[in-house]
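Before any comments, here is the structure.
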Amino acid sequence: MAPAHAASTVLCTTYTGCSNQGYSHAGYASAKGTSYWGMYTGTNCTNYVAYRLITTNGLSTKRPAPGVGNARDWGTAMASVTNATPAVGAVAWWGKTGNHVAYIEKVVSSSEIWVSESNWSGAFDWRKITKSGGGWPDGIIHFTPPAPVSSTQPAIVGSPTVGAAVTASTGTWNPAPASFQYQWMLDGAPLTGATAKTYTPTPVTAYRNLTVQVSGIRTGSATVRAVSPPAVVAPGTLTASRRPVVTGTAKIGQRLSATGGTWSRTDVALTYQWFSGANSIAGATSATYAAQAADVGQPLTVRVTASRAGFTPATSTSASTASVAGGTLVRRSGPSVTGTPRVGAPLTASPGTWSPAATTTFQWYADGRAVAGATAQTFRPTARERRATITVRVTARRAGYTSATATSAATSAVGTGRIDVAKGPRIAGSPSAGAVLTIDPGTYSPANASVRYQWMRDGKAISGATSRTRKVSPGDVGRRLSATVTYKVSGYSARTVTTAAARRTRSAATLSVKATSPAAGRVALTIRVKGAGGVVPTGSVSVVDPAGRTRTAKLVKGRTVLTVTGQPTGRQTYRITYGGSSTVATGTKTKSATVR
């Protein structure tokens, strides 16, 4: 092969000299003893360029075409890929103006390139070649290396699980790519930013198909892509490195608090469930819990469940507390007694205030001794408690709490009771001579009080008149009767109440009438009125005739004559009424007469 040459500006010479100036020979100084593509070994242009195309560009070690031997023939043999456009990694060819090939290292512009070359003369150099300076290549050969082929499919190394990294295996390629690129795919769609060899599945990938696309890269050849078999991403696993902790006192009325524990992820959502013994407590699902009555004697625990999208929920349970102790009722204010301490008067107990609220019961005491049966909130002292001081003991109870008691301050000594007469006594009956009057004692309390009576005439006691009833005597006529009623019961002051006075007592009126008709249309009525016991009444009488007309006349010594005129003939009936007096009651009589 004839020596190659090119007119240019030398940038450096010799392998060592160029390396010292930063111009690489790509390791050919130590590899020149090897033949590439069947070229002569040593320092010559064709063996050097073949070496670079194989080692740098990734071309096959097999000569690409039979004519690629002597430098002047390369452009002719590779005419289909030879043009005038310079490119890094392409071959500068002189076959018409010389017999030489060089490797293009740099393209400054379409009219300036830098090449590295090994000459038949034994020299190695880098040159700058410009169109204006002469020596421009006859052509630029663009060798294309064979595309890599995936002979073994890429694979995902490891079981895809949310939160755990997996790695892409590139598989087997021939020829081997110079480099690989990666794209992780979810259900066949690219995952944004997931272009590294490793990938950590996120919660959104759970239960979906994960694949990795591997691209084989060789300079000068098309990129080839291969995709791994799909693998379903399993949900991640949450683990607790520290179990929940319950703080507080396990006692009724005390609030306990739970920590959530420490988990393998900090972005988990936590839920709580409290347990009393082995049983879950309905509604107890917050981080705090106040022990209830049903918890007494049972230890408490809390179970915390950690959840996160893409992860299987996990639980962790705290250690048990001590068995829940009964609560303590706290008295905020003591009991008290209101009312006047006297026999029969109601005393009322105020239970005071308790925390928490409690139900209360009562026991009354007289001089420190329990009063049998006195367990209501109110108490009426009896004669037995007279002169004693009264207290009340209140017992507070609440489920799950120890009962507590408190006693009120003592009252003053119980005084004598007062009989209550809600409805006063009265005299029933008509106060007429011979009539029987009855005393109604009214309504009084206590109901077991004894009752005594005393009849009064014009406000003065009637000797011996102490029964409940009295027959009106002649001596009562014209007088006003009343009565005193005296109520007595042990432990109470006696009470006397006087009835209202009855109206004056009157005797019954007796009327006698004589009728004559002295003249036509006239009737003369002789009227006599008598009272019991010979009482001669005063007052007046009235006569109503058949026509409804009324005539009136006064009595004189109990007698009067009244003549009515204008009466129709025949048998007529007249109604005679005595109006009464202070001593004689009213009376009425009818009389029939024949009118002429």
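The values are calculated or read from the model by the stated rules, or taken from the named source; none is laboratory data. Remember, it's a predicted structure, so these values are computed and weren't measured experimentally. Note that we place each Cβ from the backbone using ideal geometry, even for glycine, and neighbour counts take in every protein chain shown. Please note that ligands, DNA and RNA were not included when accessible areas were found on the heavy atoms of the full protein model with its side chains. Shrake-Rupley method; radii C 1.70, N 1.55, O 1.52, S 1.80 Å.
Tabulated data
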{"item": "Degrees between helix 45-55 axis and first principal axis of the chain (Cα, 0 to 90, nearest 10)", "result": "20"}
{"item": "Residues in the range 573-596 reached by a label modelled at Ser430 [backbone nitrogen below 11 Å; 7 Å Cα→Cβ]", "result": "585-588"}
{"item": "Per-residue HN-Hα couplings for the range 389-402 [Karplus 6.51, -1.76, 1.60; θ = phi - 60°; Hz; x = Gly/Pro]", "result": "8, 10, 10, 10, 9, 9, 10, 9, 9, 8, 4, x, 10, 6"}
{"item": "Sequence ranges 40-46, 450-456, 184-190, ranked by mean other-Cβ count within 10 angstrom, highest first", "result": "40-46, 450-456, 184-190"}
{"item": "Full-extension gain in nm, Thr288 to Ala547, via 0.36 nm per residue minus C-alpha separation", "result": "83.1 nm"}
{"item": "Calculated FRET value between Thr9 and Thr192, using beta carbons and R₀ = 45 Å, to 0.05", "result": "0.35"}
{"item": "Rg followed by Dmax, in Å, when the range 240-325 is reduced to its Cα trace", "result": "13.0, 42"}
{"item": "Area accessible to solvent at Ser264, 1.4 Å probe radius, in Å²", "result": "70"}
{"item": "Förster-model FRET efficiency, 51 Å R0, Thr312 and Arg63, C-beta, rounded to 0.05", "result": "0.25"}
{"item": "Two-site FRET efficiency, Thr200 against Ser151, from Cβ-Cβ distance with R₀ of 25 Å, rounded to 0.05", "result": "0.30"}
{"item": "Residue (of Gly429, Gly58, Thr249) at the positive-pole extreme of the chain, dipole from beta-carbon charges", "result": "Gly429"}
{"item": "Highest-first arrangement of 465-473, 245-253, where packing means the average Cβ count within 10 Å", "result": "245-253, 465-473"}
{"item": "Matching label, Kirkwood radius over Cα pairs in Å computed from the structure shown, candidates [x] 29.8; [y] 40.0; [z] 30.7", "result": "[y]"}
{"item": "The range 240-325 - share of DSSP beta bridges that are antiparallel (%, nearest 5)", "result": "90"}
{"item": "Amide H within-cut-off set for Gly417, under 5 Å, with H built and near neighbours excluded", "result": "Val343, Tyr492, Ser493"}
{"item": "Under 20 Å from Lys131, Cα to Cα: aspartates and glutamates that are on another chain or at least 8 residues apart", "result": "Glu105, Glu112, Glu117"}
{"item": "With all protein chains modelled, accessible area of His100 [1.4 Å, Å²]", "result": "0"}
{"item": "Segment Thr259-Ser517, length gained on full extension (0.36 nm per residue, minus Cα span)", "result": "80.4 nm"}
{"item": "Those lysines that a straight Cα-Cα span of less than 29 Å connects to Lys589, excepting residues fewer than 8 apart in one chain", "result": "Lys471, Lys514, Lys530, Lys554, Lys557"}
{"item": "Those Cys residues of the chain for which no other cysteine Cβ falls under 4.7 Å", "result": "Cys45"}
{"item": "Estimated [θ] at 222 nm from DSSP helical runs (n ≥ 4, -39500 (n - 2.57)) normalised by residues in the chain, nearest 500", "result": "-1000 deg cm²/dmol"}
{"item": "Nearby lysines by direct alpha-carbon distance to Lys488 (threshold 24 angstrom, same-chain neighbours under 8 apart not counted)", "result": "Lys423, Lys460"}
{"item": "Zone residues, the range 202-222, relative to Thr271, backbone N less than 16 Å from point 7 Å out along Cα-to-Cβ", "result": "none"}
